[in-house]
1. Pop out the carbon and sulfur fraction of the accessible area of the chain as a percent, whole number, probe 1.4 Å.
2. Could you give the length gained by full extension between D76 and V282, i.e. 0.36 nm per residue of separation minus their alpha carbon distance, to one decimal place?
3. Could you give each residue of region 76-81 its phi-based ³J(HN,Hα) in whole Hz, using Karplus coefficients 6.51, -1.76, 1.60 with θ = phi - 60°, and x for Gly or Pro?
4. Helix 229-258: angle to the longest alpha-carbon principal axis of the chain, degrees 0 to 90, nearest 10?
5. Give, as ranges by residue number, the residues of region 6-27 whose backbone N falls under 19 Å from the point 7 Å along Cα→Cβ of D44.
6. I'd like the orientation of helix 18-28 relative to the chain: the angle between its Cα long axis and the longest Cα principal axis, in ° from 0 to 90, rounded to 10.
7. Express the accessible area of the chain per residue in Å², computed with a 1.4 Å probe while the remaining protein chains stay in the model.
8. Given a Förster distance of 35 Å, report the FRET efficiency between W141 and S258 from their Cβ-Cβ distance, rounded to the nearest 0.05.
Amino acid sequence: MTDSIAILLPCYNEAMTIKKVINDFQKELPSADIYVYDNNSTDDTYQIALNEGAIVRKEPRQGKGNVIRQMFFDIDADFYLMVDGDDTYPAEACHELLKALKENRADMVIGDRLSNGTYFNENKRAFHDFGNNLVKNSINWLYKANIKDVMTGYRGFNRLFVKSFPVMSSGFQIETEFTIHSLDKRFKLVEIPIDYRDRPEGSESKLDTFSDGIKVLMTIFKMCKDYKPLLFFSMWFALFFVLGLIVGLPVVIEFVKSGFINKIPSAILATGLMTFSMLLLVTGLILDTVVTADKKMYELNLYSIYSRDK
């Protein structure tokens, strides 16, 4: 039996490019179903996609994460390819991405824009390189990984990944969430270098460098807390413990020498800092136990999904 393939195109005001993107994938994968989810576009994206033979639906909740969440709910397939509708990613790369999924080398495959240098040559937006590297290096440090491209919008998934992925982000942070989830839950992850081309003239990016960058950093901060609470709270414990030592050591030295404590405010502050640091450590230990139990439950649910789909 032939594997079913779904092309997922989340779109917001992509009237200039959506026709070419649909036609390119129709040429490369004529048997695939192409889904365009229109996210409150004010241009003709919906009608153009409909005219080109795509399966078109509307998603009223604004944000890429909301669109992907609904797509994962609605669409059943053996393999999924997700790509932006702005014609920045080559449709012809789909065969390499699908090959990694079909050969069971990957549960999620990443179209890596950065390794061959095309993104740096094509992208003209200030600070995007800095933002990409900051996010990438943060995640690689957290998980001792070597991911090359965290923020790419060209990805492939198998059914197991899609039907077990809890979408928590509402916006562009979803890209970061994909990568962190796959690393944390030990999914097989493969990166395949692809060419990248900047948006055609007249097509505007929906990303705001600073506001979306801050949202992505907050996502990393939150996921560090949620996925690695012992590390997260241990760092804060270390900070307040050191501050407590700095404030409290002179008090201890004074007491050892004279038998009296004259620096009462310092003693109170040091006691508060030490108490707070211990609370942070205990919180980290408790939440780490909770997260470990949650991972066990996730694994059991994963087994049930896998068994049901076999």
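The values are calculated or read from the model by the stated rules, or taken from the named source; none is laboratory data. Every value quoted in this text rests on a predicted model; they were computed, and no experiment measured them. As a convention, Cβ positions derive from the backbone with ideal geometry for all residues, glycine included, and neighbour counts pool all protein chains shown. Remember, those area values only see protein heavy atoms, side chains included, never the ligands or the DNA or RNA. Shrake-Rupley method; radii C 1.70, N 1.55, O 1.52, S 1.80 Å.
1. Carbon with sulfur: 61 percent of the solvent-accessible area.
2. 69.8 nm
3. Values, residue by residue: 10, 7, 7, 9, 10, 10 Hz.
4. 10
5. Inside the label zone: 11-24.
6. 70
7. On a per-residue basis, the chain sits at 51 Å².
8. Taking R0 as 35 Å, the efficiency between W141 and S258 is 0.15.
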